[in-house]
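The structure appears right after this line, and notes come after that.
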Amino acid sequence: MQQSSAQLVQIPSIKSFSRSVSNFVVDTSIQIVVDVDFAHNFTGGFPTLVGFAQTFREDLISVTGFSNISEVQTGKVSADTTTSTVFLTLGPSSSSNLTLFNGKSTGEGYEFEVAQKLYTIRGVEAIGAWWGTRTFLQQVVLSIVNGSNPAMIPTGFGEDNPGWEIRGFMLDAGRHWFEIPFLADLCVYASFFKINEFHIHASDFFYDPSFLYGEDWRELYTGFRFQPSSDSPIFNLVPELNESWTQTQFSTLQTTCSNHGVTLIPEIDTPAHSLVITKWKPELMISGTPDLLNLSYPETIPTLKSIWDEILPWFTSSEISIGADEYSASLADDYITFVNEMDEYISGSSGKSIRIWGTSEPSTTESISTNVTIQHWWFPGGSIPVQLMDQGYSIINSDQVFLYLDGKFSDGGQFPWTLNITKMWSGAPDGEGWAPNIFSADDPTNNTSIENPLLRGSIMALWNDWGNNATTPLEVYYQLAQSLAVFAEKTWSGSGVRASALTQDEFQEVYPVLNAAAPGQNLNRATGLEDGSVAFSYDRISQFPLETSFESVGPPYTLSFSVKPPPTTNTSSTPLFLGLDSVLFLDSLSFKDPSTNLRYPLGVDLPPDVFTSLEIHATVNHTYALLNGSSSALYWTSNLDIWGEYMQTVNMSFAAPSYIIGLDGFEGELVNVNYDSIYIINTHALYDRGLKYPVYPKLVYESGYDRVFLGYCYAEKSEVPKITHQAYGLRALVNSGRPKLISPGYWENQIGRFHYQNEMHKHNEHNNHGSLSLHSDSDSEHDEHKERKNYVEFKITVNVHAFSKLNFIYTSALLLDDASTINYLRSKGLDSDNTLILSPGPYVDTKPQYLNNLTFTFPPNVLLRQSSPTRKSYHRNPLQINAEPTDVEKATSNDFANWMKWPKKIIDLPPDIKPWLDFTMGP
């Protein structure tokens, strides 16, 4: 992962950076100093500069592993300091243009000046300096990934600021319960990518019209998450006290978010979506439509004011949302009167402004006050934002085509599982990228300019339409993790505005590393162990409970054990394994989500007094069990009620319940207990605190499916048709899987970098395993390297489920058709469905980054034998895994010994099979 000398690549991209010739070294002596002149100034509801600095210090310890970084100091720093120092201050130079794209001022801008011993961050306000510390941390992480120990940051001068005021995400917490620690972790994670708002949709209900409009409407699930004091007149509004936050709990969340530069925007959705209120006071509803409040009823609006009176003092934000979407169009005048009255009341009682969801109410006599910010989400039944801005309304862009997700499942495939990266980079009119000024994918007249002063920014949304049993909290994070980073880049830098903005390829290269290293939280549930390590292993456990050092292990993982239930069933309800995020019971082999207390049975009852062996495998998309060595996977699932129209079965992903084995009362036997990741390469990888390499991204999400990334390879252009025809491409997958080309391809070596730019041929056939596409290079550039232009580059990925079943990995510089593969494997007594052949080997640089970064990759034939300073070649006969490396190989890979630690048995095809491709690269 090489960074351009003229640009610091990170998420979101930096506005500008001019590099000089040396580096700032991040070593154990580093100190953080806050300018004494600004140390304790409060601005904008955020911490002081010292407060931000203290959080920064904790994060720096996290990403470097330096436990002895000195406490934050206040004072001044001399330019000739001899100790590596990060100096936080305020007051950028007057020459800096640190304004939003619409020309409005912002406190979020900052400059950073990097000398050999002094890294100075000058924020417009303290929040600007805070974002500057995020830039610093990301540069430290990426320096470590590039092999620097200690980390080094190029010296020079940079300036940075967001393009828009609001860069937020919304989570539907009304239909799905979330505990405060999880929400706090989301804030911390989002902050690493300079997201500055967290909109919490805190009241709603589960929609099923057969219940809603019948006698049993009170049976529908509802949520109101703010728990008033027990003596409050609205105390009985809360349907489930154990699914609500006290003021103290919410204050803790608010403080955590604020300490990381994120503002919480609370929403109570009325006068529609109000079933939770009408359950409490049925007299307030419109007869026959229990989810709609009767705004003409004398007690309705006073009741709503009393709710806000109770909880408005909780919130430190200057704005709140009253929801106000999807009300009856026939009651437009009542609706508009309500919005305006609530705006005046909340502004007058608390000084706060309000937001509403965009709803086009057909009134000819009334209009909503332009003091109200409108959050656009839908064409055409909702608002038309360009028309509203022409009328003087401030707008937030939450258009569902680009920015909506739904927890786990989307009816009719309307929304993606995670924000569509291709759409975000090329889904706007004329193939341009999305940005907050883009509301429509196909009608440019419905979009506006980046300079529009009434466009405040954007908020992406994850809804939980299907309720608590659709997802665990961590599954919600899996959907948000990459989405937030994509969204952060586009809302900070826009599309086509700054030359420094990330390309899609740059984003996809750098994101997994930053995701793995994001400090202050552990939503990946990483263990700190090297990938492929066994977390723990016990031949026999003689006494219960047994406590381990791992509260939870995130997917992907493998848990294997043999259990003998007692002769009686009195312990079936006793947890067999317990963790922070999940519990596993013997009873029907049920997983439980501790946050919602919902159980998900596998439907398997193990025979008593007999050992049954189990392997539990998990990815971010599913969890399944293999019993007694069977290859038949049994999946944990949930059934979702989709709008009352049909039931949908979905897979569940559970973090490993790794903290306590066998609680008090378990009377059975457990043997051969192992937690490991032998089969799995973790996208939410473990970060190596030893300043070597973080685990590089290997579990990837392509074409709607999980796949394991294995590496890159090359083939001659002239063979493209043959490759396309032969078993749909390279023999890199089992069970009809297909390889996928990276686009645009590139390679790097001592000579230079070559980019393939022009599309030559594309062959798209999609199945559950992926797709194949082919691209070529441009014939117009780098003529001195014509020989290399004869090759196209492939990215090899494997269906994750197929990969998890593999027993052996074979390698060669061969392309084999299906018949040859099957015949050869059968001659060796191997199961062709569970054996993977990789072919051909990938290209690597003289510093073989894939060997350093990938715990599992192609075998030793990827190492280049360098016969002259300008000539490189592949091994004709790849090395055995236990072969002694040559001197050249030792020189080109500092990590050769790690091959011995690979978790799978890796063998080469014998030399009696002639290679299909054999070529030498070089001028």
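Phi angles of the stretch 606-622 translate, via the Karplus equation with coefficients 6.51, -1.76, 1.60 and θ = phi - 60°, into HN-Hα couplings of 6, x, x, 6, 9, 6, 10, 8, 10, 10, 10, 10, 9, 10, 5, 10, 6 Hz per residue; Gly and Pro are given as x.
Over all other residues within a Cβ to Cβ distance under 11 Å of G91, the charged ones net out to -3, with Lys and Arg as +1 and Asp and Glu as -1. Among the protein heavy atoms of the stretch 533-688, carbon and sulfur supply 47% of the accessible surface, probe 1.4 Å, non-protein parts ignored. A compact globular protein would have a Cα radius of gyration near 2.2 N^0.38 Å; the ratio found for the stretch 355-488 is 1.10.
For F226, the residues 5 or more places off, or on other chains, whose built amide H falls under 5 Å of its own are W245. Working note: Karplus 6.51/-1.76/1.60 with θ = phi - 60° gives the stretch 319-332 the couplings 9, 9, 10, 9, x, 6, 10, 6, 8, 5, 5, 6, 10, 4 Hz, where Gly and Pro are set to x. A simple packing score, the average count of other Cβ atoms within 10 Å per residue, orders the peptides 76-85, 253-262 as 253-262, 76-85, with the highest score first.
Across the stretch 212-298 the C-alpha pair distances fall into 10 Å bins from zero in the proportions 16, 39, 30, 13, 2 percent.
What a 1.4 Å probe finds exposed on the stretch 166-499 is 47% carbon and sulfur by accessible area, rounded to a whole percent.
Note on the stretch 161-270: antiparallel DSSP beta bridges, both residues inside, total approximately 20 percent of the bridges counted.
Judged by the ratio a/c of the largest to the smallest principal axis of the C-alpha gyration tensor, the stretch 291-384 counts as oblate, that ratio being 1.5 or greater while a/b is no larger than b/c. Strictly greater than 31 Å: what percent of every Cα pair in the stretch 166-499 meets that? Above the 31 Å cut-off, the stretch 166-499 has 29 percent of its Cα pairs. Highest average first, the peptides 604-611, 124-131 ordered by how many other beta carbon atoms sit within 10 Å of their residues are 124-131, 604-611. Solvent-accessible surface of the stretch 533-688, averaged per residue with a 1.4 angstrom probe and all protein chains in place: 38 square angstrom. Tell me the carbon and sulfur percent of the accessible area for the stretch 16-160, rounded to whole percent, probe radius 1.4 Å. C and S atoms contribute 48 percent here.
Scalar couplings 3J(HN,Hα) for the stretch 257-262, obtained by applying the Karplus form with A = 6.51, B = -1.76, C = 1.60 to θ = phi - 60°, are 5, 4, 4, 10, x, 10 Hz; x denotes Gly and Pro.
When DSSP beta bridges are restricted to pairs lying wholly in the stretch 166-499, around 15% turn out antiparallel. Remark on S22: its backbone amide H falls under 5 Å from those of T155, a criterion applied only to residues 5 or more positions apart or on other chains, H modelled at 1.01 Å from N. Once backbone amide H atoms are built at 1.01 Å from N, D37 has no partners under 5 Å, excluding neighbours fewer than 5 places away on the same chain. Considering only Cα-Cα distances, which of the following residue pairs are longer than 24 Å: K352/K490; K564/K592; K281/K592; K194/K423? Pairs exceeding the cut-off: K352/K490; K281/K592.
Among 620-630, 473-483, the peptide with the highest mean count of other Cβ atoms within 10 Å heads the list, and the full ranking is 473-483, 620-630. By the gyration tensor of its Cα atoms, with a ≥ b ≥ c the square roots of the eigenvalues, what is the shape of the stretch 533-688: rounded for a/c under 1.5, prolate for a/b over b/c, or oblate? Oblate, since a/c reaches 1.5 and b/c is not below a/b. Protein heavy-atom accessible surface, 1.4 Å probe, per residue over the stretch 329-391: 44 Å².
Normalised by 2.2 N^0.38 Å, with N the number of residues, the alpha-carbon radius of gyration of the stretch 37-194 equals 1.11.
The values are calculated or read from the model by the stated rules, or taken from the named source; none is laboratory data. Predicted model only: the values in this text are computed from it and were never measured. In this analysis, Cβ positions are derived from the backbone assuming ideal geometry, glycine residues included, and neighbour counts consider all displayed protein chains. In case anyone asks, the SASA skips ligands and DNA or RNA and just uses the protein heavy atoms, side chains included. Shrake-Rupley method; radii C 1.70, N 1.55, O 1.52, S 1.80 Å.
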